[in-house]
Amino acid sequence: MRPVEAVCWGATQVHPIEAEDSVVGLVRYASGALAQFESAWTFRGGMDLRDEISGSDGTIWLNHWLRTGFEMFSAPGSGGYVAEKTETESGWLFPVGDEPSALGYDDMFADMLDAFDARRAPSRPSTTATS
C-alpha cells in the first residue's frame, strides 16, 4: 500500500529529555485505507507494546507486553528484574515470557547475521503504519 498523506504530532510531556516522549499520527493510503499510530514513553505501569489491525473481514489484536498470560504478585523487598519499563518490583506484576522476542531482538539479529553471511544489506523495517 502506498501512503499518500500523513499527519503527525509529537511533544515532550513527561520526561526531561530533548526529544518527544509522545507521538501520534494518521496515515491515508492510495487504496483509501487509514492507519493510526501512537508511541509514547509516558505510559505508566510498565510498557504498552501492542498492535491492532482492523479490516473489512476481521481484527487482529496482539498484546506483546501487558496481559500476556503471566501475572505474579511479589511482596515488598523481594526485588529483581521484572521486565523493560516496569515501574515497581513488588505488588501485582506482569512479566514478559520472552522479552527479547517480544521486543523484536531475535528477528533483528537473525536478519543482521543472515545478511552478513549472504553479503547483503540487512532488511529495512516495514514502512506500513499500524497502531
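The values are calculated or read from the model by the stated rules, or taken from the named source; none is laboratory data. All figures in this text were calculated on a predicted structure; none of them were measured in a lab. FYI the Cβ positions are ideal-geometry reconstructions off the backbone, even for glycines, and counts take in every protein chain you see. Only protein heavy atoms, including side chains, enter the accessible area calculation; ligands, DNA and RNA are left aside. Shrake-Rupley method; radii C 1.70, N 1.55, O 1.52, S 1.80 Å.
Charge tally around G32: other residues with Cβ under 14 Å, Lys/Arg +1 each, Asp/Glu -1 each, net +1.
Taking the Cβ of G46 as the center, what net charge do the other residues with Cβ under 10 Å away carry, scoring Lys and Arg +1 and Asp and Glu -1? Kindly include the intermediate steps, with their values, before the conclusion.
Values: positive: R44, K85; negative: D48, E84, E87.
Result for the local shell: -1.
Counting only alpha carbon atoms, the long axis of helix 105-118 and the longest principal axis of the chain meet at about 50°. Placing dummy labels 7 Å off each Cα toward the beta-carbon, the span from Q36 to N63 is 1.9 nm.
Defining a contact as two alpha carbons under 8 Å apart and six or more residues distant in sequence, what relative contact order in percent does the chain show? Don't skip to the end; give the middle numbers.
Values: 205 pairs, mean separation 24.3, N = 131.
About 19 percent, as a whole number.
Normalising by the residue count of the stretch 10-52, find the relative contact order in percent from Cα pairs under 8 Å and 6+ residues apart.
The value is 30 percent.
Eigenvalues of the alpha-carbon gyration tensor of the chain, scaled by 5 and square-rooted, set the equivalent ellipsoid semi-axes at 30, 22, 17 angstrom, largest first.
Protein heavy-atom surface of the chain, 1.4 angstrom probe: 55% of the accessible area is carbon and sulfur, with nucleic acids and ligands not counted.
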